[in-house]
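Derivation of every value follows stated rules applied to the coordinates shown; laboratory data play no part. Values in this document were obtained by computation on a predicted structure and should not be read as measured data. Here the Cβ positions follow ideal geometry from the backbone for every residue, glycine too, while neighbour counts run over all protein chains shown.
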Amino acid sequence: MRWLEDGSAEAVAEALGEVGLGGHAVVVRESLEDDPMWWSASAVVGEQYVVKFAWSQPAALRLAHEIAVLAALRPAVPFLPEVVASSTDPVLLVTRLVPGEALFDVVDSLDRDQVGRQLAEFLRELHNQPGHDYPAASLQPATTDVLREQFPRWARPDQRADVISWCDWADDVLRTPGPQVLVHGDLHGGNQVWDQGKLRVVVDFETAGLADAEYDLRAFPGTGPGVELLTATIRHYAQLTGRELSVERAMAWHLRTALADALWRSEGGVPLPDGRTPQAWVVDLAARFEALGINLRA
């Protein structure tokens, strides 16, 4: 396996030439990460393709994993990117550029029930794939121990006890692992392309692996107004598969995800995605639990 020397457009263009796609204009979406673990990025090639590449070993290993996952899943799983070329020498993944917008950008204008139905169709096939060839997913949210210790300083004094008790609740809910299935691992709205109310493609399978099915729902609460996307996806998933997903498990993963995101951004001086505060996110979490009828004080 060989990775690029750097993340420049010139290095990408040279690597594309090695897989038969030379001569196209390359527009790199820059990565500003200091940690070699995250030395990877993507580029638009000739306004036709998207190329993912890496210039460190850890990042190259993740990309090589994604290449292998996509090869194994096609054609059984719908909404996968069309792979135009792939290579591990150098490590490159080239997919066809699909017109549309990220779910984050259009969800307020869409029927959440129809969005949930299409996501459930994708998850039905993904979660039904044989998992013996896949490693455990690398679970991204911070542990509850970290959240108990570090998040309260970013909460209001009257919120701190609630945050700690919520972490205790999440530990109880997730104490016993659920059935392990192949999950996407990072199924947030930015990794979905939608066009005119239809799901066109799901991208970024670098963290795919074995985990609870509910782990794939961890970004759904709060994507769009309220919790409707979460409940619609769970409802359609049950209709399609005959298997009930746990709202509590999905919310336990969501709690860890939301607090972890607010924590690392606050500590790193990075604005939260909606420009608000960690305190406001705690208020949102409380509202989501209430909307779902989950009584954390019981």
### Summary
Rounded to whole angstrom, the alpha-carbon centroid of region 199-222 lies from that of region 88-125 at a distance of 10
### Query
Where does each of 274-281, 65-72, 182-189 land if you order them by average Cβ count within 10 Å, highest first?
182-189, 65-72, 274-281
### Query
Tell me, what are the semi-axes, in whole angstrom and largest first, of the equivalent ellipsoid of region 240-282 as set by the roots of 5 times the Cα gyration tensor eigenvalues?
29, 9, 9
### Message
What's the magnitude of the charge dipole for region 165-298 around its Cα centre, counting Lys and Arg as +1 and Asp and Glu as -1 at the beta-carbon? Answer in Debye, nearest 20.
### Response
220
### Message
Translational diffusion coefficient of region 16-117 at 10 °C, 1.306 mPa s, Stokes-Einstein with Kirkwood Rh over Cα pairs, in µm²/s as a whole number.
### Response
104
### Query
Karplus couplings for region 48-56 from phi (6.51 cos²θ - 1.76 cosθ + 1.60, θ = phi - 60°), rounded to Hz, Gly and Pro as x?
10, 10, 10, 10, 9, 8, 8, 10, 8
### Message
I'd like to know which of 271, 116, 59 lies farthest towards the positive end of the charge dipole of the chain, counting +1 on Cβ of Lys and Arg and -1 on Cβ of Asp and Glu.
### Response
116
### Query
Out of every Cα pair in region 179-266, what percent are spaced more than 22 Å from each other?
26
### Message
At q = 0.08, 0.20 Å⁻¹, what log₁₀ I(q)/I(0) does region 91-236 have when each alpha carbon counts as one equal point scatterer in the Debye sum?
### Response
-0.27, -1.28
### Query
Tell me, what HN-Hα J-couplings in whole Hz come from the Karplus equation 6.51 cos²θ - 1.76 cosθ + 1.60 at θ = phi - 60° for each residue of region 165-182, using x for Gly and Pro?
5, 5, 5, 4, 4, 4, 4, 5, 5, 9, 4, 9, x, x, x, 8, 10, 6
### Message
Given an 8 Å cut-off on Cα distances and at least 6 residues of separation, report the relative contact order of the chain as a percent.
### Response
18
### Query
Rounded if a/c is under 1.5, else prolate if a/b is larger than b/c, else oblate: which is region 4-75, with a ≥ b ≥ c the root eigenvalues of its Cα gyration tensor?
oblate
### Message
At a threshold of 8 angstrom on Cα-Cα distance, excluding pairs fewer than six apart, so keeping six or more, what relative contact order does region 129-242 reach in percent?
### Response
27
### C-alpha center-to-center spacing [region 127-141, region 167-186] in angstrom
13
### Task
On each of the three principal axes of the Cα atoms of the chain, give max minus min coordinate, whole Å, ordered largest first.
62, 43, 38
### Query
When the dipole is taken about the Cα centre of region 47-102, and only Lys, Arg (+1) and Asp, Glu (-1) are charged at their Cβ, what size is it in debye, to the nearest 20?
120
### Task
Just need the relative contact order of region 80-167 here, percent rounded to a whole number, with Cα pairs under 8 Å and 6+ apart.
13
